[in-house]
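Engineer: Provided herewith is a single structure, encoded as structure tokens, for subsequent inquiry.
Only the coordinates and a few stated rules stand behind these numbers; no lab work does. Bear in mind that the values here come from a model prediction, so they are computed numbers and not experimental data. With ideal geometry, Cβ positions are generated from the backbone for all residues, glycine too; neighbour counts draw on all protein chains shown.
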Amino acid sequence: MLPPAQDGGRRVTIHGEGAGTAYSLFDVLDFLHRADLPTAGKAIDDPELIEWRGGGPYDWPNG
């Protein structure tokens with residue numbers, strides 16, 4: 001997960017492929033669900049699953 005851009009969105013990659021831009025934690029969970037990855041609350045804090053850059057899962061500039 002890249003740091004937030006000027007508009008507050010974060011580009012998301014899954015297995016090296018672009019998944020889209022997330023503007024909230026709900027968007028991240030949606031991308032995980034679409035990729036058949038775990039979406040339980042623990043998943044967003046699991047560094048083995050998500051590498052957060054420029055802040056953690058609760059750091060959204062416009063949120």
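Engineer: All but one of (1) without any contact (Cβ under 8 Å) to a residue 24 or more places away in the chain; (2) aromatic (Phe, Trp, Tyr); (3) part of a loop (DSSP other than H, G, I, E, B) hold for TYR58; state the number of the condition that does not hold.
Structural biologist: (1)
Engineer: If you go through segment 24-55 one residue at a time, how many are surrounded by 11 or more Cβ atoms within 10 Å (Cβ to Cβ), within 9 Å of the chain's Cα centre (by Cα) and not in a helix (DSSP H, G or I)?
Structural biologist: Final tally of qualifying residues: 3.
Engineer: Going by the structure shown, is ILE14 surrounded by 14 or more Cβ atoms within 10 Å (Cβ to Cβ), among the hydrophobic types (A, V, I, L, M, F, W, C), in contact with a Pro (Cβ under 8 Å, 6 or more places away or on another chain) and free of Cβ contacts under 8 Å to residues at least 24 places away in the same chain?
Structural biologist: Details: surrounded by 14 or more Cβ atoms within 10 Å (Cβ to Cβ): yes; among the hydrophobic types (A, V, I, L, M, F, W, C): yes; in contact with a Pro (Cβ under 8 Å, 6 or more places away or on another chain): no; free of Cβ contacts under 8 Å to residues at least 24 places away in the same chain: yes.
Answer is no for this residue.
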